[in-house]
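The values are calculated or read from the model by the stated rules, or taken from the named source; none is laboratory data. Everything numeric in this text was worked out from a predicted model, so none of it was measured. So basically every Cβ, Gly included, is an ideal-geometry build from the backbone, and we count neighbours across all protein chains shown. We work out accessible area using only protein heavy atoms, side chains counted, and drop any ligands, DNA or RNA first. Shrake-Rupley method; radii C 1.70, N 1.55, O 1.52, S 1.80 Å.
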Amino acid sequence: MGANQPGFLNRAAVPYYCGRKGNCSAKSLNNSRGQKVRVLAACAWARLKLGMSAITQWGRAGVWAFFLLLASPLVADPEGGFVDVTGDSGIDYRQWSPPPDWVKMVPQVMTGGAAVADYDNDGWCDLLVTRYRETDLLYRNRGDGTFDEVSRAAGIDRVASTNGAAWGDIDNDGDADLYLSVADESAEPMHNLLYLNEGDGSFVEQSHLWGVDLEAPYLLSGFSVCFGDYNRDGRLDLHTCQWGVRSALNRSVLLMNEGGGFRDVTLGAGVELWNDPESEQGPDFTTWAFTSRLTDLDRDGWPDLVVAGDYGTSRLFWNRGNGTFVDGTEQARVGGEENGMGLAIGDYDGNGLPDLFFTSIYDERIDDIRFLGWGVTGNRLYRNLGGRVFEDVTEVAGVRDGGWGWGAVFFDFDNDGDLDLAMTNGFETDRLLTETPFHTDPTKLWRNDGGVFTDVSVEMGIKDTGKGKGLLVFDYDRDGDLDLFLVNNLGFPILYRNEVNNGNHWLRVQTRGNYSNRDGIGALVTIVREEGAPEQHREICGGSHFLTQSEKVAHFGLGSSGSPVKFLKVRWPSGIEQVFRDVGVDQLLELEEPASPYQAWLGTHFSPGEMTEGNLTDPLADPDRDGHSNLIEFGTGCDPRRTGSIPPIRVVPGPLPGGVLVSFRRRNLPRGGRAVLEASTDLRTWEKVEEGGMEILEVEPAAEWGVETVTARLAVGINYLRLSVGMSD
């Protein structure tokens, strides 16, 4: 029987048992801190040889591994808090030094970006900062609390008015590439920059070659940039924000990664933000976009797009799962802030759904100032209620007043298990005296106290009053707590080392995709601390807070208990799920995705020895001898080692005028495996039943990843049905 031959006919259904996915257990490790431990689970290498079948060979078989990196002991002030260590760190630069007679105007006064990644793969997170009309600076983390400036040696040497920054492995070769937006006016054409990582510590600028230069004459107003795999094809796509949009050449765009190059798919994907007078498909207004994020807000597995926009133009687009989006801003009840600038996303209330925080402008002098183009009612916190609906809880949460807000980030600074919130702020031009109160806005740090936020900025040592723009978090010293980095426009940055000394434990999870994108961006990591404890969720994100990108690691605060984490699950962008149990605390857990969904599925049902031997794991093998191969069992979500009583396809009894009611199970993944319903009238000629050829009445997800039960109405005139399963990459 070939790979795409029928699994069974509905007139000769064989009983099935639909088994649950097995779990992989992670050992509880109690090694002393500083020791690196490598544990390899379910190790197997094989190549599937399928002859003339329609199945594409997968290459490497499923291998997943995790590596445990235990951090060095904490060294902290007994009183705890954040300490400004900028001077000792070696990070010494000014964001921009304008000439003496320069007049402060936009967009220059809104610039100042940074992004972190381990660009040289030495285990320490490095820092890139953007500078206006200067060369950018790459600071290599030496691992001793200090950084070396290595920009020119690394080939990052262009003089440009760079602004937003993000790292992402666009070619899936295992090292971080760098994308930078540009904001300036010039008599010469300008373009964004893409530095491709050569893998030896050096970079080559290739924005034109990859089609991401977005070159335009006279004006570019580039702000935040973000990576994400919106179509889940295993390659990182890119979204860019333009604030001052005047033409199609400098608008915000969604760029699809086609492998070796990107293509502008903005209009076709339904995320156009520019009111093009010559287009009938775009919006009826132009979004002044500052910050965007590709993130799964409704937890359906598909990254949605949220944009913080100035002048009341923030937008939310839901991913339809077919390469297009739908604007759901109004129905979601978001976008009420007058001037969306920064964006933080995280599950602050612990209900399993990501919430949205937009920074804006708060001015209590409402009666004393006239309208000057901005609103004055402050930030917005939108609580995710599920069902693609949010609730404005800004006032109740106590986070409305942040001055003139810019960058913001959710993070668990005290490792107590809930997400706290920080934002930076401040604004100054030479045009209006009414802006004076915002010249020295203090950076905010709010502690999460049961869903209500308490301002602990001064108490915790956060005393910056510069004109802050970019803000990010990373554990630069690998001691298990999150440090803060702030970019001040026209000024000097601040690196705040976290020295909160409360004895709380932590767990950090780093992802390495194989079938998904290499960074694992879009992976959802879930833990349960102990029996009866609520779940914690963190998404590996390639997005921006405002011109910045934090470390791509899922960080969990665990509180005072040092007992192992009972349950950890990672759901990869591919749809693959892995489960680990009894995971030791105070460590960095490096998770590697299996090579394919099929190999991941095999690993839940067969031992490492059986997978190595191969006679039971071949796609055409039938271990339970029920007449249906592993491939059929995989595609319909059944257990290859047991027969059961639930058939993957059946005709639902009962009269149905003008048609027949059927129910069938299929594994619905973005790519890699597909169960297809086929129909015949004579058992000789089979034709695929297209989605449009049946009326789908209900789709119910099953417990196993990617599997769903579909109930549909088919027209009369069909005598036989079968499910055909094939694999492709």
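Some observations on this one:
- Checked against the criterion of being within 18 Å of F413 (Cβ to Cβ) and assigned to a loop (DSSP other than H, G, I, E, B), the candidates E530, E551 yield just one match: E551.
- Taking each residue of the range 161-172 that is farther than 25 Å from K469 by Cβ and in a loop (DSSP other than H, G, I, E, B) and looking for partners that are open to solvent by 10 Å² or more (accessible area, probe 1.4 Å) and not basic (K, R) with beta-carbon atoms closer than 7 Å, six or more apart or interchain, yields D169/D175; D169/A176; D169/D519.
- Residues in the range 685-729 that are open to solvent by 80 Å² or more (accessible area, probe 1.4 Å) and either touching a residue at least 60 places away in the same chain (Cβ under 8 Å) or of a type in the set (A, V, I, L, M, F, W, C) (or both): L697, A703, V716, D729.
- Checked across the range 512-523, the condition of being of a type in the set (D, E) and closer than 14 Å to F227 by Cβ holds for at least one residue.
- Those residues of the range 674-684 which are open to solvent by 60 Å² or more (accessible area, probe 1.4 Å) and either in contact (Cβ under 8 Å) with a residue 40 or more places away in the chain or not hydroxyl-bearing (S, T, Y) (or both), in sequence order: R674, L683, R684
- Filter result for the condition that a residue is in contact (Cβ under 8 Å) with a residue 24 or more places away in the chain, open to solvent by less than 30 Å² (accessible area, probe 1.4 Å) and in contact with a Leu (Cβ under 7 Å, 6 or more places away or on another chain), over T130, T135, T111: T130
- L631 satisfies every condition listed in (1) more than 17 Å from E704 (Cα to Cα); (2) at pLDDT 90 or above except (1).
- One residue stands out among those in the range 444-461 that are assigned to a loop (DSSP other than H, G, I, E, B) and in contact (Cβ under 8 Å) with a residue 40 or more places away in the chain: the one that is most open to solvent (accessible area, probe 1.4 Å), which is E459.
- Unmet criterion (only one of (1) open to solvent by 20 Å² or more (accessible area, probe 1.4 Å); (2) among the hydroxyl-bearing types (S, T, Y); (3) not in a loop (DSSP other than H, G, I, E, B)) for T643: (3)
- Filtered residues of the range 212-244 (kept if under 27 Å from Y119 (Cα atoms) and open to solvent by 30 Å² or more (accessible area, probe 1.4 Å)): L214, E215, N231, D233, R235
- Remark: pairs (first residue in the range 245-263, loosely packed, with under 14 Cβ neighbours inside 10 Å; second residue of a type in the set (D, E, K, R) and not in a strand (DSSP E or B); Cβ separation under 7 Å; 6+ apart in sequence or on different chains) = G259/R235.
- Any hit, the range 425-442, residues being open to solvent by 20 Å² or more (accessible area, probe 1.4 Å) and within 30 Å of the chain's Cα centre (by Cα): yes
- Close pairs from the range 377-404: first free of Cβ contacts under 8 Å to residues at least 40 places away in the same chain, partner among the acidic types (D, E) and open to solvent by less than 10 Å² (accessible area, probe 1.4 Å), Cβ under 6 Å, at least 6 apart: R383/D355
- Positions within the range 414-440 being among the acidic types (D, E) and at pLDDT 95 or above, in sequence order: D414, D416, D418, D420
- Those residues of the range 375-413 which are open to solvent by 20 Å² or more (accessible area, probe 1.4 Å) and more than 15 Å from D347 (Cβ to Cβ), in sequence order: V376, T377, R380, G387, R388, V389, D392, E395, V396, G398, R400, D401
- For R713, the requirement of being assigned to a strand (DSSP E or B) and more than 32 Å from the chain's Cα centre (by Cα) is met.
- Enumeration of residues in the range 487-525 that are under 22 Å from the mean Cα position of the chain (by Cα) and assigned to a strand (DSSP E or B): W506, L507, R508, V509, Q510, T511, R512, L524, V525
- The condition of being under 11 Å from the mean Cα position of the chain (by Cα), surrounded by 23 or more Cβ atoms within 10 Å (Cβ to Cβ) and either outside any strand (DSSP E or B) or among the basic types (K, R) (or both) holds for only one of S544, S574, that being S544.
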